[in-house]
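Trainee: The structure is given below, and queries will be raised subsequently.
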Amino acid sequence: MVEPTGNILQVRNLSVEFKARKRVIKALRDVSLDVPTGKIVGVVGESGCGKSTLILAIMRLLAPNAAITGGEVHFGGRDLLKVPEADMQSLRGTDISMIFQDPLTSLNPVVSIGRQLIDVQYRDRSSLDSKRQRAIQALSQVGIPDPAARMDAYPHEFSGGMRQRIAIAMTIIEEPRLLIADEPTTALDATLEVQIIHELKELQRRYQCSILFVSHHLGVVADLCDYVIVMYAGEVVEQGSVRDLFHDVRHPYTEKLMECDPARIVRSTERSFPTIPGDLPDLVDLPSGCIFGARCHRALQQCAAEAPDTRTVAPGHAVACHLY
Ligand code: SF4
């Protein structure tokens, strides 16, 4: 179903706080983004930039010490932040599915993979045999060889890459409209990473689903995604099409992220990989002015005093920086 807006997911001004020992961590602040129907959107940024908090807030799976303090999350014409928990439970796994970084978090180690693939279809009233056939078909679609014979095997009998494929099979079995992938290739080696990316592209093409893909690896995002959202310390600092981001980068933080991406380091070096100098700001006591100010190599005088607004620098390409 194509949404009236052309976007399957619209996040507007989403803010999340965590309470820890009388301190309030302002983890997300006014995050807005769109996932167009049938497209793949990548969210990138260093560890601690709020990527995982963002997707857990969308799924309403935040820890008990977290609070959504503002914003809207529109999916299928409804604000997910306002739907009753029972409705949210039925959306998860059917309309919206998630792939986690570690497949062992989504697979039960003491239950055969076939049983798990049948169990996830518990809402479906079809016969056991037809659920079994769907499970075998899902395994085949993610490239598990001889799937019917592997139905009785347990997760530990598969390699890491195969386990991630099985976890993907579990998420696609109900043909969700939106797939949220949280660093699904981070725990895999480079060869398996390429295979999983190929698998995700193929699944997106086959089911025409939309994907929100979270990663700290720009090369993977460039390969897989149509659009990119760059996050820093809980804020969106730049967003646009993959072409905009990789050929016309604007925000100083995105520039630095690209310089540090292993796939883009052209000169061999005996020293460690380059990193962005400085640390993430304190999210309890936020600095005044631009959130990236203390680490920015292009800072202006006004940057320390005034937070930049988000400006459109080209159609579909927006940046939060005083340089524009
Ligand atoms: Fe750098 Fe200023 Fe732009 Fe922030 S607003 S990224 S400090 S130039």
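Trainee: May I ask you to list the residues in region 70-105 that are surrounded by 15 or more Cβ atoms within 10 Å (Cβ to Cβ), among the polar types (S, T, N, Q) and more than 16 Å from the chain's Cα centre (by Cα)?
Mentor: Answer for region 70-105, where residues must be surrounded by 15 or more Cβ atoms within 10 Å (Cβ to Cβ), among the polar types (S, T, N, Q) and more than 16 Å from the chain's Cα centre (by Cα): just Thr94.
Trainee: Would you point out which residue out of Leu28, Leu33, Leu81, Leu61 is of a type outside the set (Val, Ile, Thr), at pLDDT 95 or above and in a loop (DSSP other than H, G, I, E, B)? Let's see the steps before the verdict.
Mentor: On the way: Leu28 fails: in a loop (DSSP other than H, G, I, E, B); Leu33 fails: in a loop (DSSP other than H, G, I, E, B); Leu61 fails: at pLDDT 95 or above.
Testing whether each residue is of a type outside the set (Val, Ile, Thr), at pLDDT 95 or above and in a loop (DSSP other than H, G, I, E, B) leaves just Leu81.
Trainee: What residue, among those in region 300-315 that are open to solvent by less than 90 Å² (accessible area, probe 1.4 Å) and more than 29 Å from the chain's Cα centre (by Cα), is nearest to the ligand (Cβ to nearest atom)?
Mentor: This residue is Cys303.
Trainee: Failed condition for Ile68, given (1) within 22 Å of Ser215 (Cβ to Cβ); (2) in a strand (DSSP E or B), with all others met?
Mentor: (1)
Trainee: Scanning for something closer than 23 Å to Val242 by Cα, touching a His at 6+ places or on another chain (Cβ under 8 Å), open to solvent by 10 Å² or more (accessible area, probe 1.4 Å) and in a loop (DSSP other than H, G, I, E, B), does region 37-45 turn up at least one residue?
Mentor: Here is the first cut: in region 37-45, the residues closer than 23 Å to Val242 by Cα are 37-45.
After this cut, where a residue has to be touching a His at 6+ places or on another chain (Cβ under 8 Å) as well, the list is 44-45.
Adding the requirement that they be open to solvent by 10 Å² or more (accessible area, probe 1.4 Å) leaves none.
No, region 37-45 contains no residue that is closer than 23 Å to Val242 by Cα, touching a His at 6+ places or on another chain (Cβ under 8 Å), open to solvent by 10 Å² or more (accessible area, probe 1.4 Å) and in a loop (DSSP other than H, G, I, E, B).
Trainee: Determine whether region 20-34 contains at least one residue that is free of Cβ contacts under 8 Å to residues at least 24 places away in the same chain, within 23 Å of Ile211 (Cβ to Cβ) and not β-branched (Val, Ile, Thr). Quick ask: steps written out before the conclusion?
Mentor: Kept after step one, since they are free of Cβ contacts under 8 Å to residues at least 24 places away in the same chain, are these residues of region 20-34: 21-22.
Okay, now just the ones that are also within 23 Å of Ile211 (Cβ to Cβ), so none.
No, the conditions are met nowhere in region 20-34.
The values are calculated or read from the model by the stated rules, or taken from the named source; none is laboratory data. Since the structure is predicted, the reported quantities are computational estimates derived from the model, not experimental observations. Glycine also receives a Cβ, built like all others from the backbone with ideal geometry; neighbour counts cover every protein chain displayed. The area values use the complete protein model at the heavy-atom level, side chains included, leaving out ligands, DNA and RNA. Shrake-Rupley method; radii C 1.70, N 1.55, O 1.52, S 1.80 Å.
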